[in-house]
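**Student:** I am attaching a structure below and will ask some questions about it afterwards.
The values are calculated or read from the model by the stated rules, or taken from the named source; none is laboratory data. This is a predicted model, so every value here is computed, not measured. Cβ: placed from backbone, ideal geometry, glycine included. Neighbour counts: every protein chain shown. These accessible areas exclude ligands, DNA and RNA; they are computed on the full protein's heavy atoms, side chains included. Shrake-Rupley method; radii C 1.70, N 1.55, O 1.52, S 1.80 Å.
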Amino acid sequence: DAGVIQSPRHEVTEMGQEVTLRCKPISGHDYLFWYRQTMMRGLELLIYFNNNVPIDDSGMPEDRFSAKMPNASFSTLKIQPSEPRDSAVYFCASSPGARGEKLFFGSGTQLSVL
Amino acid sequence: SQQGEEDPQALSIQEGENATMNCSYKTSINNLQWYRQNSGRGLVHLILIRSNEREKHSGRLRVTLDTSKKSSSLLITASRAADTASYFCATDATGNQFYFGTGTSLTVIP
């Protein structure tokens with residue numbers, strides 16, 4: 001398996017623009033997580049899905065952030081409009097689904113909002 | 001927040017020495033996991049210890065868990081330059097929500 005695939009690897013955009021981050025989880029994994037990593041706040045859980053259904057989005061910082069999982073092999077995290085403080089590395093991770101199973105992380109998307 | 005905290009924030013040792021990192025968390029957990037992150041990469045799972053376990057080994061890794069103190073430690077024996085990375089603990093109290101600590105940055109000097 002290719003592992004969790006994220007795109008783009010790097011994204012540079014201007015404040016106010018819409019940003020869409022993409023993730024393809026490992027086939028057969030029932031859980032998908034979006035995390036954000038910054039020096040100041042470390043790794044923050046934004047939202048997670050179980051069988052394509054959002055279970056907990058309490059970590060999503062603002063209404064500017066939205067996430068979807070239209071099918072088992074694809075998820076998006078969208079920021080509209082983007083702000084400089086959104087600059088961070090965004091990780092997608094998937095898990096086979098049993099309680100407490102380990103997470104498999106993608107390589108992340110480095111987002112810079114100018 | 002259920003987020004854990006690793007201690008120390010940064011650690012620098014000579015190759016061949018042992019490295020010990022600690023993790024403290026706030027609420028009761030089902031299990032605790034340790035992950036490694038190389039610079040510019042995603043996190044990689046190292047080891048999982050369940051709440052009813054006290055110690056676990058995997059190769060050069062040894063993890064202990066003290067639920068009464070809400071703390072865990074990760075020991076890397078006979079460190080190598082390739083062990084240079086950041087190390088994170090992650091806890092899950094309910095369901096499959098994993099909360100990560102702030103990480104320990106380990107530098108192993110050849």
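**Student:** Give me the residues in the range B:60-96 whose solvent-accessible area, probe 1.4 Å, is reduced by at least 40 Å² once all protein chains are included instead of the chain isolated.
**Tutor:** Those residues are B:Asn96.
**Student:** Could you give the dipole magnitude of the range B:1-84 about its Cα centre, charging the beta-carbon of Lys and Arg +1 and that of Asp and Glu -1, in debye to the nearest 20? Intermediate results must be reported in sequence, preceding the final value.
**Tutor:** Working: 11 positive and 9 negative charges, 56 e Å.
For this selection, approximately 280 debye.
**Student:** With a Förster radius of 25 Å, plug the Cβ-Cβ distance of A:Ile5 and B:Ala82 into 1/(1 + (r/R0)^6) and report the FRET value to the nearest 0.05.
**Tutor:** Rounded to the nearest 0.05, the efficiency is 0.50.
**Student:** Short version: ³J(HN,Hα) in whole Hz for each residue of the range B:40-49, in order, from phi by Karplus 6.51 cos²θ - 1.76 cosθ + 1.60 (θ = phi - 60°), x for Gly and Pro, what are they?
**Tutor:** Values, residue by residue: x, 10, x, 7, 10, 5, 9, 7, 10, 10 Hz.
**Student:** Leaving out same-chain residues fewer than 8 places away, which lysines sit with a Cα under 17 Å from that of B:Lys70?
**Tutor:** Correct list for B:Lys70: B:Lys26, B:Lys56.
**Student:** Write down the accessible area per residue of the protein assembly as shown in Å², having rolled a 1.4 Å probe over the full set of protein chains.
**Tutor:** 47
**Student:** Excluding B:Leu11 itself, what net charge comes from residues whose Cβ is under 15 Å from its Cβ, given Lys and Arg +1 and Asp and Glu -1?
**Tutor:** So the environment of B:Leu11 carries a net charge of -4.
**Student:** Taking the alpha-carbon distance from A:Lys24 and a cut-off under 21 Å, which lysines remain once sequence neighbours fewer than 8 residues away in the same chain are dropped?
**Tutor:** Leaving aside lysines fewer than 8 places away in the same chain, those within reach of A:Lys24 are A:Lys68, A:Lys78, A:Lys102.
**Student:** With the cut-off at 1.5 for a/c, could you classify the range A:1-45 from its C-alpha gyration tensor as rounded, prolate or oblate?
**Tutor:** Judged from the Cα gyration tensor, the range A:1-45 comes out oblate (a/c at least 1.5, b/c at or above a/b).
**Student:** Under the rule that an exposed site lies in a DSSP loop and has at most 12 other Cβ atoms within 10 Å, name the longest stretch of chain A with no trypsin sites (Lys or Arg not before Pro) of that kind, not counting the sites themselves.
**Tutor:** The reported range is A:42-98.
**Student:** Treat each spin label as a single point 7 Å out from the Cα along the C-beta direction, and report the B:Ala93 to B:Asn18 distance in nm.
**Tutor:** Using points 7 Å along Cα→Cβ, the separation is 3.2 nm.
**Student:** Run the numbers on chain A and let me know its relative contact order in percent, using alpha-carbon pairs under 8 Å that are six or more apart.
**Tutor:** Relative CO of chain A lands at 37 percent.
**Student:** How many square angstrom of accessible surface are buried between A and B, both sides summed, with a 1.4 Å probe and rounding to 100?
**Tutor:** What A and B bury together is about 1700 Å².
**Student:** About the Cα centre of the protein assembly as shown, how large is the charge dipole given +1 on each Lys and Arg Cβ and -1 on each Asp and Glu Cβ? Please answer in debye to the nearest 20.
**Tutor:** Details: 22 positive and 23 negative charges, 87 e Å.
So the magnitude is around 420 debye.
**Student:** Where nothing but the Cβ of Lys and Arg (+1) and of Asp and Glu (-1) is charged, how large is the charge dipole of chain A around its Cα centre, in debye to the nearest 20? If you can, show how the numbers build up before the last one.
**Tutor:** Details: 11 positive and 13 negative charges, 49 e Å.
About 240 debye.
**Student:** Calculate one ³J(HN,Hα) per residue across the range A:106-111 by plugging θ = phi - 60° into the Karplus curve 6.51 cos²θ - 1.76 cosθ + 1.60, and present them in order as whole Hz with x for glycine and proline.
**Tutor:** 3J(HN,Hα) across the range A:106-111, in whole Hz: x, 7, x, 10, 7, 9.
**Student:** Let me ask something else. Using a loss threshold of 50 Å², tell me which positions in the range A:70-114 are less accessible in the complex than in their chain alone. Probe radius 1.4 Å, ligands and nucleic acids ignored.
**Tutor:** When all protein chains are present, A:Arg99, A:Gly100, A:Lys102, A:Leu103, A:Phe105 each give up 50 Å² or more of accessible surface.
**Student:** Over chain A, what percent of the accessible surface lies on carbon and sulfur atoms, probe 1.4 Å?
**Tutor:** 50
**Student:** A follow-up question, please. Counting other Cβ atoms within 10 Å, keep those with at most 14, restrict to DSSP loop, and tell me which GluC sites (Glu not before Pro) in the range A:1-52 are left. Walk me through the numbers on the way to the answer.
**Tutor:** Numbers: sites: A:Glu11, A:Glu14, A:Glu18, A:Glu44; in loops: A:Glu14, A:Glu18.
Sparse-neighbourhood loop GluC sites (Glu not before Pro): A:Glu14, A:Glu18.
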